Amino acid sequence: MARILALDYGQKRTGVAVTDELQIIASGLTTVPTENLLKFLKEYTSGESVELILIGEPKQMNNNASESEVYIQKFIKELEKEIPSIPYKRVDERFTSKMAFQSMIQSGLKKKQRMNKGLIDEISATIILQSFLNLK
């Protein structure tokens, strides 16, 4: 089997998570400056077998798209052009940042470590991916 990647897309940086080859466990991979995201994905997918890319879909409480959706749509068009062989799916990402922050507290990370926004993005991507795996 091939891996599944998940992205918690942000204007400045994007959290990336990946499954194991059996698609059982979601693990945080890294946080990438968003301006380098396509380059990172092309390099990663050239060396690893990836069958699907999940992209977080930020929604407001009333189910409307968030303001960042404009940037995500632009990225998706570039992704389709640069890596057309790998399909993508959108996954509701409401509350993932709050869940990520809460998991950092529960795991005992110090306040200074919890201020690391890149780590929050990576954990958020992991939560997006694990919730997708739970529904599979």
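To keep it simple, each residue is scored yes or no on (1) more than 14 Å from residue 130 (Cβ to Cβ); (2) modelled with pLDDT of 95 or more.
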| residue | (1), (2) |
| --- | --- |
| 25 | no, no |
| 37 | yes, yes |
| 62 | yes, no |
| 69 | yes, no |
| 75 | yes, yes |
| 79 | yes, yes |
| 100 | no, no |
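It is to be established whether one or more residues within the range 7-16 are closer than 17 Å to residue 134 by Cβ and aliphatic (A, V, I, L, M). Among the residues of the range 7-16, not one is closer than 17 Å to residue 134 by Cβ and aliphatic (A, V, I, L, M), which makes the answer no. State yes or no: is residue 96 modelled with pLDDT under 95 and either of a type in the set (S, T, N, Q) or on the phi > 0 side of the Ramachandran plot (or both)? Yes; evaluated as a whole, the condition is true for this residue. Would you confirm, using the coordinates I've provided, whether residue 112 is surrounded by fewer than 15 Cβ atoms within 10 Å (Cβ to Cβ), at negative phi and at pLDDT 95 or above? No. Considering every residue within the range 4-14, establish whether at least one is more than 15 Å from the chain's Cα centre (by Cα) and either modelled with pLDDT of 95 or more or not hydrophobic (A, V, I, L, M, F, W, C) (or both). Looking through the range 4-14, none of the residues is more than 15 Å from the chain's Cα centre (by Cα) and either modelled with pLDDT of 95 or more or not hydrophobic (A, V, I, L, M, F, W, C) (or both).
The values are calculated or read from the model by the stated rules, or taken from the named source; none is laboratory data. If you're wondering where the values come from, they're calculated on a predicted model, not measured in any experiment. Glycine also receives a Cβ, built like all others from the backbone with ideal geometry; neighbour counts cover every protein chain displayed.
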